[in-house]
Amino acid sequence: MLFRSIVCGLGRTGLRILTLLRQQGADVVGISYHPLAMEVGKLVVGDLRSPATLLQAGIHHAHTLVLSTSDDALNLAILTQARSLNPNLRVINRLFNISLGERLDHTLPDHVTLSAAALAAPLFVFAAKGNPAIGQLRLFDLTWPMYEEVIDDTHPWCGKPLKNLWDNRSQLLIYYQSAQSTIDLVTAVEIGRAHV
């Protein structure tokens, strides 16, 4: 069963979110103030805060609402209206005011605040330290850099047992793809024969 997602506010960020959700096979509806020049799939045009617009987008049956406008006050107004129509709605809220977002996350059930500045800051730190991070992962109260390693003949890991990388607690191996075989990471570590 597909859960319906609604992306409210189709600027650059909202359009990107809508596109990625569609690529993942999600049942997604976009809400925009204005018609769009490009084809984006299901689209409702209207006032983002209006109950009629939210109802037309299927807010009663939606599982998730993504608030992606760049206006914190507008996102809060949409949140209030949407939750009055569907109290069980999961809300992903783009907010620039990080402390407000943290308060909402602690106060409202199924509310997640994302801030571009908060998400980007660790990547800037990693880059400043010379780490080629492509993302981050928050785990055990630490922010870990995520990066891709291509292991060639000159790489220090070349020829080492995969289990050695798996057991190293200073790093966290989360995915492995071999050029020679189709073995998955867990099986490769369990059988202990796979080498990087």
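Here are a few things to note about the model shown:
- In this structure the amide hydrogen of ILE6, modeled in the peptide plane, comes within under 5 Å of the amide hydrogens of VAL29, THR64, LEU65, VAL66, none closer than 5 places in sequence on its chain.
- The chain - charge dipole about Cα centre, Lys and Arg +1 at Cβ, Asp and Glu -1, debye rounded to 20: 280 debye
- Globularity index of the chain is 1.30 (Cα radius of gyration / 2.2 N^0.38 Å, N = number of residues).
- Mean separation of Cα contacts under 8 Å (6+ apart) over length of region 63-117, as relative contact order %: 35 percent
- Between the residues LEU48, ALA128, THR64, the greatest Cα displacement towards the positive end of the dipole of the chain, with unit charges on the Cβ of Lys, Arg, Asp and Glu, is found for LEU48.
- Protein accessible area in the chain, 1.4 Å probe - carbon and sulfur %: 57 percent
- Placing dummy labels 7 Å off each Cα toward the beta-carbon, the span from ASP47 to PHE96 is 2.4 nm.
- For the chain, the longest principal axis of the alpha carbon atoms and the long axis of helix 12-23 meet at an angle near 70°.
- Label separation (ALA118 vs ARG16): 1.8 nm, computed from points 7 Å beyond Cα along the C-beta direction.
- Pair SER84, ASP167: separation of 7 Å Cα→Cβ label points (nm): 6.1 nm
- Proximal aspartates and glutamates to LYS160, defined as alpha-carbon separation beneath 13 angstrom and excluding residues fewer than eight positions away on the same chain: ASP152
- Helix 98-107 vs. the chain, principal-axis angle (Cα, 0 to 90°, nearest 10): 80 degrees
- Partner aspartates and glutamates whose Cα lies under 17 Å from the Cα of LYS163, excluding those fewer than 8 positions away in the same chain, are identified as GLU149, ASP184, GLU190.
- Rel. contact order, % - alpha carbon contacts under 8 angstrom, at least six apart, region 1-114: 23 percent
- Across region 37-144, the volume of the C-alpha convex hull divided among the residues equals 149 Å³ per residue.
- Local net charge near ALA57, Cβ-Cβ under 13 Å (Lys/Arg +1, Asp/Glu -1): +1
The values are calculated or read from the model by the stated rules, or taken from the named source; none is laboratory data. Quick caveat, the model's predicted, so the values are computed rather than measured. When we count neighbours, we look across all protein chains shown, and the Cβ atoms used for this are built from the backbone with ideal geometry, even at glycine. Surface accessibility is based on the protein's heavy atoms, side chains included, excluding ligands, DNA and RNA. Shrake-Rupley method; radii C 1.70, N 1.55, O 1.52, S 1.80 Å.
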